[in-house]
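**Q** Can you keep this structure in mind? I'll have questions shortly.
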Ligand SMILES: [Mg+2]
Ligand SMILES: [Mg+2]
């Protein structure tokens, strides 16, 4: 028998949490147990959920009474896909009082159906030829209502600044001015022109949108026109669709997962799905090569512990510990690693914090912090590259900025936080 | 110009809600406005979001300070699909502090892309030949680990009780014992046998599961084997997938939407998406013929106001008022009506309340309240039909039960609530 493990945080002043846990383990698997005939129990044992642990926290000044409950679900009960797992462990249960799904661990059998990121960190680094520093991504400033020439020129300015990746805005959909095939062609042309000047390779994550059942064709059309990466609003379509895209052998480019709509599920302490599950484990399992999420530094904020929990599950090679349940043999190579992209409100003066917290395997991602640079967009990219260089070389940003006018101008504009 | 309208409830003790609203209207459309050259503004005006209203509620004993903010988004900015709309109006914004999406209204142009339920209430009633009373649905008792013969015999007992619909458990996935094609064949055979005794037609909503890109084939396989309805875990796959299924001309049977996972999004007052949007408007728009949701009567509860808000948007023919934004000409026939199915913890003694609150266009839905009947499953169905008859004929349940032993036994077992 093999099991997937769900961990819930469950609130209740008076709740008998042990009884609640038993109710979940039985109710979401075999339905009833104590009233089954003994002969039947023998057959049904392999389908019965198990209460693994119940840890009660009595009410305190900072939190009402709750319990963390772990239930192991026999994987023979569901098909080996994310919708089946989520409907089993958090379908009806999501509506049953104050309860949040805070962690998932998977059986080896369940994991066998997943191939994870097609490229992962190593693949992306090798495509870019950058192995020894954090990556830099920039976001278009504004895109809606702009024509192809304007987008291409925005793109080229970003590329000239030395960024490694450029992503579409997640709210840029198919439109007559800049449909995906034209966007890809024009932007890849701009990338080639910039590369001739900078020598720098670049991935452009073009936004994959439209009806679910046309996404594969849309992705292939983008690839035919030269696309070398995709952006995808995973939560608007479901994790299974990401998995289908990421595991399609004809979709030969990395996928960056955008967290749009995630805030409908992770921020409440009492309901929903924890950020490290929603934007961490399930994204990596389903095959995101890069995962964007709100940083703790900028405008749209997520607590730092949650950021670091996402980072850990995207990067860990201890898969048996962090992903597996009773899978001591699970290979560390089972899932490639996904690149964390803490986003929103980032400017060059935050680079020391980002690199301190995330180390080298991170994408520093900025929009306004590049386009809003006093010396222009290309200078905005250069200021970030300078900030990254400074931290990598162990210089203080202030000191380094004295020799690097773009970085100096960024610090003058937005300030500096070194801790 | 035509717009879709999003209504948010936004919390903040100190927040300048007017400024926040402006920030949303600009930030989620053209990106920036005040720093645009005048010539550019003329071009961009048609893409600019509009603040429609900001209603501030100061803090009270029952609630912290909040504002209801309405923003109109030009529909030219996004493609005519639910993922594009949701990513636009609640993508990044979902992660920006305490904010809940509480309503949506649609432009005529946006609505033009949706055909809604293929059958709707009238279609389902005519398939069943039942026009003058609430419908009765029953749910399998336990399904996991049971073989085909056990399921078929459970099915037949339910059918003999006179129910109109039987639904799979939402956690029954493809498995070697009862794969969809065998399940459909055996259950439809049992339905035919029961019909020969009862004269009653029956819809069996078989659970459509598995990989997204195989769902259409799976649905067609079920239809080939005689399926006459589908159950679908919409939120595990996304609304767009429901729409694709419901609008596929080869999927010629009604779809019942299950609310699994909805509790990750609707219950928090501060985050997520309101129940009447998630389990109401978007379900009807995407084409659910029936929509299940937690009732306010039973074990998994939703407040009654939220139930009635869902009911209203599933049933209303005043589409211009409830669905449209600036669409005075919107036809009342644009979207067929979806049948509300308040579920969980229902027993015959609750029938008077359900019919009082929901009227005739409702599905009374029970699992334990049928299978747990002291005289058995078939008697459980009959007790519900008797309860419905009593209410329809204006009898008190107690009085009617004196002549109807199944109803009497149900009341003895579970009690009675008439108000
Ligand atoms: Mg954006
Ligand atoms: Mg169920």
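**Q** Only one of (1) crowded, with 21+ Cβ neighbours inside 10 Å; (2) closer than 21 Å to residue B:369 by Cα is not met by residue B:219, so which one is it?
**A** So residue B:219 meets the others, but not (2).
**Q** Run residue B:285 past the list (1) closer than 30 Å to residue A:275 by Cα; (2) within 16 Å of ligand 2 (Cβ to nearest atom); (3) crowded, with 20+ Cβ neighbours inside 10 Å and report the number of the one that doesn't hold.
**A** (2)
**Q** I'm trying to understand the selection: among the residues of the stretch B:82-120, which are touching a helix residue (DSSP H, G or I) at 6+ places or on another chain (Cβ under 6 Å) and within 14 Å of chain A (Cβ to nearest Cβ)?
**A** B:82, B:83, B:86, B:87, B:94, B:95, B:101, B:104, B:109, B:110, B:114
**Q** Of B:361, B:389, which residue is under 18 Å from residue B:404 (Cβ atoms), away from chain A (no Cβ under 14 Å) and more than 16 Å from ligand 1 (Cβ to nearest atom)?
**A** Of the residues listed, the single one that is under 18 Å from residue B:404 (Cβ atoms), away from chain A (no Cβ under 14 Å) and more than 16 Å from ligand 1 (Cβ to nearest atom) is B:389.
**Q** Applying the selection to the stretch B:288-326, what residues are under 18 Å from residue B:82 (Cβ atoms) and surrounded by 20 or more Cβ atoms within 10 Å (Cβ to Cβ)?
**A** Correct list: B:288, B:289, B:291, B:310, B:313, B:314, B:319, B:323, B:324, B:325.
**Q** Is it the case, given these coordinates, that residue B:59 is more than 16 Å from ligand 2 (Cβ to nearest atom), more than 9 Å from chain A (Cβ to nearest Cβ) and surrounded by fewer than 16 Cβ atoms within 10 Å (Cβ to Cβ)?
**A** yes
**Q** Would you point out the residue of the stretch A:125-142, among those that are within 16 Å of ligand 1 (Cβ to nearest atom) and touching a residue at least 40 places away in the same chain (Cβ under 8 Å), that is nearest to the other protein chains (Cβ to nearest Cβ)?
**A** Among those residues, the one meeting the criterion is A:141.
**Q** Quick check: anything in the stretch A:298-312 under 30 Å from residue A:112 (Cα atoms), at pLDDT 95 or above and not in a helix (DSSP H, G or I)?
**A** No, the stretch A:298-312 has no match at all.
**Q** Across the stretch A:10-46, which residue is farthest from the other protein chains (Cβ to nearest Cβ) among those that are out of contact with any strand residue (DSSP E or B) (no Cβ under 8 Å at 6 or more places or on another chain), closer than 17 Å to residue A:76 by Cα and in a loop (DSSP other than H, G, I, E, B)?
**A** A:30
**Q** Separate question: Test each condition in (1) crowded, with 24+ Cβ neighbours inside 10 Å; (2) within 16 Å of ligand 2 (Cβ to nearest atom) for residue A:96 and report the one that comes out false.
**A** All conditions are met except number (1).
**Q** Which of the residues belonging to the stretch B:114-134 are closer than 19 Å to residue B:184 by Cβ and assigned to a helix (DSSP H, G or I)?
**A** Listed by number, the residues that qualify are B:124, B:127, B:128.
**Q** Still on this structure, please answer the following. Of (1) surrounded by fewer than 20 Cβ atoms within 10 Å (Cβ to Cβ); (2) under 24 Å from residue A:291 (Cα atoms); (3) in contact with a helix residue (DSSP H, G or I) (Cβ under 8 Å, 6 or more places away or on another chain), residue A:368 satisfies all except one. Which?
**A** Result: residue A:368 passes all but (3).
**Q** Just need a number here: residues in the stretch B:276-294 that are more than 9 Å from the chain's Cα centre (by Cα) and within 12 Å of chain A (Cβ to nearest Cβ).
**A** Summing the residues that are more than 9 Å from the chain's Cα centre (by Cα) and within 12 Å of chain A (Cβ to nearest Cβ) in the stretch B:276-294 gives 3.
**Q** Follow-up question, since we're still on this one. Out of the stretch B:254-282, which residues are assigned to a helix (DSSP H, G or I) and closer than 11 Å to residue B:339 by Cα?
**A** Selection gives B:280 alone.
**Q** Against the definition (more than 8 Å from chain A (Cβ to nearest Cβ) and buried (at least 17 other Cβ atoms within 10 Å of the Cβ)), how does residue B:74 come out, yes or no?
**A** yes
**Q** Considering every residue within the stretch B:159-181, establish whether at least one is surrounded by fewer than 19 Cβ atoms within 10 Å (Cβ to Cβ), away from ligand 2 (no atom under 15 Å from the Cβ) and within 27 Å of residue B:386 (Cβ to Cβ).
**A** No, the conditions are met nowhere in the stretch B:159-181.
**Q** Go through (1) touching a residue at least 60 places away in the same chain (Cβ under 8 Å); (2) more than 7 Å from chain B (Cβ to nearest Cβ); (3) surrounded by fewer than 24 Cβ atoms within 10 Å (Cβ to Cβ) for residue A:268 and report which single condition fails.
**A** Of (1) touching a residue at least 60 places away in the same chain (Cβ under 8 Å); (2) more than 7 Å from chain B (Cβ to nearest Cβ); (3) surrounded by fewer than 24 Cβ atoms within 10 Å (Cβ to Cβ), only one is false for residue A:268: (2).
**Q** Answer with yes or no whether residue A:280 is under 30 Å from residue A:10 (Cα atoms), surrounded by fewer than 24 Cβ atoms within 10 Å (Cβ to Cβ), modelled with pLDDT of 95 or more and touching a helix residue (DSSP H, G or I) at 6+ places or on another chain (Cβ under 8 Å).
**A** Judged against the criteria, residue A:280 is not a match.
**Q** Could you pull out the residue among B:387, B:413, B:409 that is part of a helix (DSSP H, G or I), touching a helix residue (DSSP H, G or I) at 6+ places or on another chain (Cβ under 6 Å) and surrounded by 15 or more Cβ atoms within 10 Å (Cβ to Cβ)?
**A** Matching residue, one of B:387, B:413, B:409: B:387.
**Q** When residues of the stretch A:67-85 are filtered for being closer than 19 Å to residue A:31 by Cβ and part of a helix (DSSP H, G or I), how many remain?
**A** Residues in the stretch A:67-85 being closer than 19 Å to residue A:31 by Cβ and part of a helix (DSSP H, G or I): 5 in total.
**Q** With B:253, B:171 as the choices, which residue is modelled with pLDDT of 95 or more and in contact with a strand residue (DSSP E or B) (Cβ under 6 Å, 6 or more places away or on another chain)?
**A** When all the criteria are applied, what remains is B:253.
**Q** For the stretch B:241-258, how many residues meet the condition of being surrounded by 24 or more Cβ atoms within 10 Å (Cβ to Cβ) and within 7 Å of another protein chain (Cβ to nearest Cβ)?
**A** 1
Let's see how each residue does on (1) touching a helix residue (DSSP H, G or I) at 6+ places or on another chain (Cβ under 8 Å); (2) within 9 Å of chain B (Cβ to nearest Cβ); (3) within 14 Å of ligand 1 (Cβ to nearest atom); (4) under 27 Å from residue A:383 (Cα atoms):
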{"site": "A:144", "(1), (2), (3), (4)": "yes, yes, yes, yes"}
{"site": "A:160", "(1), (2), (3), (4)": "yes, no, no, yes"}
{"site": "A:164", "(1), (2), (3), (4)": "yes, no, no, yes"}
{"site": "A:171", "(1), (2), (3), (4)": "yes, yes, yes, yes"}
{"site": "A:179", "(1), (2), (3), (4)": "no, no, no, no"}
{"site": "A:182", "(1), (2), (3), (4)": "yes, no, no, no"}
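**Q** Which residue is modelled with the lowest pLDDT, if the candidates are limited to the stretch B:345-374 and must be more than 16 Å from residue B:415 (Cα to Cα) and outside any helix (DSSP H, G or I)?
**A** Ranking the candidates gives B:367 first.
**Q** Here's something else I'd like to know. Has the stretch B:146-158 got at least one residue that is within 14 Å of another protein chain (Cβ to nearest Cβ), within 16 Å of ligand 2 (Cβ to nearest atom) and in contact (Cβ under 8 Å) with a residue 40 or more places away in the chain?
**A** yes
The values are calculated or read from the model by the stated rules, or taken from the named source; none is laboratory data. The structure displayed is predicted, hence computed values, not measured ones. Neighbour counts are summed over all protein chains in view; Cβ atoms, including those assigned to glycine, are modelled from backbone coordinates with ideal geometry.
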